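Laboratory data are not the source of any read-out in this text; all were calculated from the coordinates shown. Since this is a predicted model, take the numbers as computed values, not measurements. Cβ sites come from the backbone with ideal geometry, for glycine too, and all protein chains shown count toward neighbours.
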């Protein structure tokens, strides 16, 4: 049982080889090459207990591209709304014959438990505020492509860190790949402790000149982040990526965002659509990186 | 007749190697045995003999949730842990909050043979935190400790009236679970490095401290006898220390799990490590251990909170709060205190019996003392695998422990017998 539950504890070599495979698929897709049907005859089930159409579609496209059969489970149209427990849903889905379960859930340990209960490889498609391994891999792939390497890059993650699973996945893996991280945001949206020992700052303008990557996060009002801020306008004033702040960046620095973007809050159009933006490359790398993850999840099994 | 040989006996003048003779419900001799014809002779092999342990904080789930525990299984679990008396919390379903419910609970408790089961009553009607509970009729039924355990009394004005009222009933104790729910809403584990790593909402230490500070101020103003339940933070310890030094009638308890563990144990989010108050930072753990040694925290109390296995085999955020503790408490407390028999028995028996007003328990072993005794071997290595409790939600299941109860004697009868 392998799958991909977390990036915590993975070595540089393990991360790099996943990125290599992702890069290979990225090139093949770009070149229009015939893709190997390595998942032919296999069934991938996506179970998204939290809404995220784009991540789900990206996984489903990745699975189909490698020849897998895709089953898709969404709780609002299923027995979860009739009171079935998470455990029973997982066991039911996997008993139908699933080779890999791709799971999105609002609870931090949902993927770990699904793997333990079902004994099927589970790929974590985002759990709680803790894990979003494929987003981190996608972003690392994007940066590797853009800069030619990752070692020594300085990334500032800006915004609602406390509520961000992307930030925690980045913290779990990007330092292993040689990226130096700084967390930037208002104190109410920063983690309450710093077990990662990374640099933390409340003053974005003091950091901008040192960063190679400005990684912007959305204010997650649905997780209560709004109550930690006086107003959205105040946030935009202090942390919003606008033309003035773009001018403070080093010449080669880039802007990234995992989406969905709130234009006018964490960034304005000049940052989202400007030449520094890697946002569309991030999206384009989603499918090939997830192809690599699915193939590894199953490949190690057989 | 029971004759216990070769034990180290905790007597009024200190520890002495002696033979203890029990006849009926009384210790009849300490020193040489007057006779042993037909007696059950137990070789204590150097183990400690002292008054049976007293636990001021257990949840036996009867009535309402007897699949988790009931009075009978709870009392057997107590006996297996060396306890001869326990105080049940009133958050049963229905709760103990008036005369009829108190009389019913006490009647059911009196029928239990393995341990003395005393009953605490609620501070507010239906534990809802809105109006005073029916104190006089509970008091007349025999209740002395009042608590809304599981919740603090949320309204300081109401708590002040409660304290003023209970200060007028001799021996009545206001026991508080210290948690400001405005600060702990959604919290899953201690707010600190571990909550940051998991991205889970933390329960800040301040959520406990602000209630302790409030309650101490109100106890000072009203003269009520205040007992702070399951103290877990260094800041709360400091508040209690200062209040005691300046004349507030306050006592405190700490759980075995807060003595033994801190939040670094939660790397894998084991639901058997989820409870309130949560496992705190290492510095908090050290502070409660020192406070127990010092006597600023008076007693060890388990907060024995059984939950069925299926209820705990769920995502951490969905798991109910609470762990069992009766059968592992003595080993943990002994390790935390260091090998000093007199202090150990004070915190495990004498002090809690005194605080809870539980007679016949917590009495030093002398001729004429009640035969509520425990044999505890402080050097015995073991790992708990099964429990007398109906539930197994222990943080120490399968873990190596040092110190084990060999036998428990309740009112002259052997209520638990391990490897003798």
- Counting alpha carbon pairs within less than 8 Å and at least 6 residues apart, what relative contact order, in whole percent, applies to chain B? 21
- Task: Relative to the longest principal axis of the C-alpha atoms of chain A, give the angle of the C-alpha long axis of helix A:133-147, reported between 0 and 90° and rounded to the nearest 10°.
- Result: 60
- Item | Cα long-axis angle, helix B:99-110 against chain B (0 to 90 degrees, to the nearest 10) | 30
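Arrange the following residues from fewest to most other Cβ atoms within 10 Å of their Cβ: A:215, B:139. Please list the in-between numbers first.
On the way: A:215 26, B:139 19.
Least to most surrounded, the residues fall as B:139, A:215.
Taking other Cβ within 10 Å of each residue's Cβ, how do B:385, B:390 sort, fewest first?
Working: B:385 8, B:390 21.
Arranged by neighbour count, lowest to highest, B:385, B:390 become B:385, B:390.
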- Message: What does the C-alpha gyration tensor say about the overall shape of chain B? Classify as rounded when a/c is under 1.5, otherwise prolate if a/b is larger than b/c, or oblate.
- Response: prolate
- Item | Prolate/oblate/rounded label for the stretch B:255-308 (Cα gyration tensor, a/c 1.5) | oblate
- So for the stretch A:79-133, using the alpha carbon gyration tensor with a ≥ b ≥ c as root eigenvalues (a/c under 1.5 gives rounded; past that, a/b versus b/c decides prolate or oblate), I'd call it oblate
- Task: Using only Cα atoms, locate the centre of the stretch B:1-68 and the centre of the stretch A:97-115, then give the distance between them in Å, rounded to an integer.
- Result: 52
- Message: Residue by residue through B:312-318, how many Cβ atoms from other chains fall within 10 Å of the Cβ on average?
- Response: 6
- Task: Sort out for me the Cα centre separation of the stretch B:107-174 from the stretch A:218-268, rounded to whole Å.
- Result: 53
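What is the stretch B:145-211's relative contact order, in percent, from Cα pairs under 8 angstrom and six or more apart in sequence?
Details: 86 pairs, mean separation 21.2, N = 67.
Computed value for the stretch B:145-211: 32 percent relative contact order.
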- Item | Exposure proxy ranking, count of Cβ atoms within 10 Å, fewest first, for B:222, B:84, B:264, A:142 | B:264, B:222, A:142, B:84
- Message: Suppose only helical runs count, i.e. DSSP H with n ≥ 4. What mean residue ellipticity at 222 nm does that imply for the protein assembly as shown under -39500 (n - 2.57) per run, divided by all residues and rounded to the nearest 500 deg cm²/dmol?
- Response: -9500 deg cm²/dmol
- What is the average number of partner chain Cβ atoms found within 10 Å of a Cβ in A:192-205? 2
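Could you grab the Rg to Rh ratio for the stretch A:92-222? Cα atoms only, Kirkwood for Rh.
1.03
Based on DSSP, what percent of beta bridges with both residues in the protein assembly as shown are antiparallel, to the nearest 5? Write down the numbers at each step before the final one.
On the way: 31 of 94 bridges.
Taking every DSSP beta bridge with both residues in the protein assembly as shown, the antiparallel ones total about 35 percent.
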- Query: If you average the sequence gap of Cα pairs under 8 Å that are 6 or more apart and divide by the length of the stretch B:1-99, what percent do you get for the contact order?
  - Reply: 24
